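The values are calculated or read from the model by the stated rules, or taken from the named source; none is laboratory data. Being a predicted model, the structure only gives us computed values, none of them experimental. Cβ placement follows ideal geometry from the backbone for every residue including glycine, while neighbour counts extend to all protein chains displayed. Just the protein is used for accessible areas: all its heavy atoms, side chains included, with ligands, DNA and RNA removed. Shrake-Rupley method; radii C 1.70, N 1.55, O 1.52, S 1.80 Å.
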Amino acid sequence: RINAMQSDLAAAVHTLQQLFDGGYTPDLFADQRTPVPAELTDDYWLDIARVNNPRYIRAQAELEVAALDHQLAQRKSYPDLTTGVTYTAVGTSDNSASGADALGVKVGLNMPIWFGKNKSARRATKLTQYAREDQLANVWNQVEDNILTVVDALTEIEETYALYRSRLISESDQMLASAYSAYETGKISFLDVLDSQRMVVRVRLEFESVEKKRRIASAELLMNAGLVGLEKVANNEG
């Protein structure tokens, strides 16, 4: 099992080296190896996701663009009032008939005549706006569901992790120590000692499995919240 784990680790490191063009080192994601604080609430992560999740931010931007397009389509159906002022300098002259400088004012009104085309454009942009609103709601529902699911899973994982740290590991070590003492006094056989050692190894492996799930859940939570590391979490806590 140890050899299989070492092979998996080597394969993972090789993949990371390819992704980072050979620049991967174990210290590259050192800050992400610490699991996120388990005491943070669902609302805390949802608030972070509203301003950091890239999918949600993109959906918001697309909705804003659709709303602006609809406003522009509406304005194209309105008359355009144009005004202007012109000033003509005649200059000095000995000829009294040349007149003085001229000041002119002009007012114009442009009326849209393509009513059917403009109406279709308004309808199309409004439908696009509705579609972007639905898209934004769907994206947020997905983000919210993912965060709540990961937070619930992380809560259960933390309880199991605490159980191993507080009881199961120490109890398995005590059991193995008792088995050694019993073997030295001839109360149990060497096979019984091996069984105790096997039990300790199994508990340690199960604990490492829980630790792996704990870190994966933390990474998924950060990803859904739109964060890369724990820096922003620490800043928000402060």
**Message:** For a quick check of your reading of the filter: which trypsin sites (Lys or Arg not before Pro) in region 1-70 sit in a DSSP loop and have no more than 15 other Cβ atoms within 10 Å?
**Reply:** ARG1
**Prompt:** Considering only the other residues whose Cβ falls under 9 Å of the Cβ of TYR161, what net charge follows from Lys and Arg at +1 and Asp and Glu at -1?
**Reply:** 0
**Fill in**
So LEU40 and ASP145, fully extended at 0.36 nm per residue minus their Cα-Cα distance, gain in nm 36.1 nm
**Message:** Rounded to the nearest 10 Å², what accessible area does TYR180 have for a 1.4 Å probe in the complete protein model?
**Reply:** 90
**Candidate residues PHE190, PHE20: accessible-area rank, largest first, probe 1.4 Å** = PHE190, PHE20
**Prompt:** What number, in nm² with one decimal, is the all-direction average of the projected area of the convex hull of the alpha-carbon atoms of region 168-212?
**Reply:** 2.7
**Prompt:** So for HIS14, HIS70, what's the accessible-area order with a 1.4 Å probe, most first?
**Reply:** HIS14, HIS70
